[in-house]
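*Asks:* So that we are looking at the same thing, I have put the structure below in structure tokens.
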Amino acid sequence: MIALVFSYEVREPAAFERAYGADGEWAEFFRQGSGYVGTELLRDVELPTRYMVIDRWESADAYNAFAAEHRDEYMRRVDDTRFFYVQELRFGTFETVFGDVA
């Protein structure tokens, strides 16, 4: 499993949460994709305009296939939601680590 992790400095919290929440517009869009696991939205308790978004997919291939197949709509959604935040920072794509840690 992979997790795409982003941090946002938000301008309009209510609109941002509707778009980026676990049942939000982005999650609804991603549900069309084979291999989408879910989205988690976290709000910073000390700085309430800072959020973390974690999108989980079964594999990088599943995410990449979805993004390629839906590229035009993906980019339209990026444009439609960009005014909800001041800054977006992509931390990266992380994979689940299985097994014992020595």
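*Asks:* Among the residues of the stretch 61-91, write down those that are modelled with pLDDT under 95 and polar (S, T, N, Q).
*Replies:* The answer is Thr81, and nothing else.
*Asks:* What are the residues in the stretch 28-42 that are touching a helix residue (DSSP H, G or I) at 6+ places or on another chain (Cβ under 8 Å) and either polar (S, T, N, Q) or under 19 Å from Val10 (Cβ atoms) (or both), if any? If you could, list the steps in order and put the result at the bottom.
*Replies:* Residues of the stretch 28-42 that are touching a helix residue (DSSP H, G or I) at 6+ places or on another chain (Cβ under 8 Å), as a first pass: 29-30, 32-36, 38-39, 41.
Selection gives Gln32, Ser34, Thr39, Leu41.
*Asks:* Here's a follow-up. Could you list, in sequence order, all residues of the stretch 2-11 that are in a strand (DSSP E or B) and surrounded by fewer than 16 Cβ atoms within 10 Å (Cβ to Cβ)? If you could, list the steps in order and put the result at the bottom.
*Replies:* Of the residues in the stretch 2-11, the ones in a strand (DSSP E or B) are 2-10.
Residue satisfying the conditions is Glu9 alone.
*Asks:* Testing Gly92 on (1) at negative phi; (2) assigned to a strand (DSSP E or B), one condition comes back false. Which one is that?
*Replies:* (1)
*Asks:* Quickly run through the stretch 88-102 and pick out the residues that are without any contact (Cβ under 8 Å) to a residue 60 or more places away in the chain and in contact with a Ser or Thr (Cβ under 7 Å, 6 or more places away or on another chain).
*Replies:* If the condition is that a residue be without any contact (Cβ under 8 Å) to a residue 60 or more places away in the chain and in contact with a Ser or Thr (Cβ under 7 Å, 6 or more places away or on another chain), then no residue fits.
*Asks:* Could you look through the stretch 3-29, keep only residues that are out of contact with any strand residue (DSSP E or B) (no Cβ under 6 Å at 6 or more places or on another chain) and among the charged types (D, E, K, R), and pick out the one that is modelled with the lowest pLDDT? Show your work before the answer.
*Replies:* Taking the stretch 3-29 as the starting set, the residues that turn out to be out of contact with any strand residue (DSSP E or B) (no Cβ under 6 Å at 6 or more places or on another chain) are 12-15, 17-19, 23-26, 28-29.
Now drop any that are not among the charged types (D, E, K, R), which leaves 12, 17-18, 23, 25, 28.
Working: Glu12: 92, Glu17: 97, Arg18: 96, Asp23: 96, Glu25: 96, Glu28: 97.
Per the criteria, the residue is Glu12.
The values are calculated or read from the model by the stated rules, or taken from the named source; none is laboratory data. Computed from a prediction, not measured in an experiment: that's the story for all the values here. Don't worry about glycine lacking a Cβ; one is built from the backbone with ideal geometry, like all the others, and counts go over all protein chains shown.
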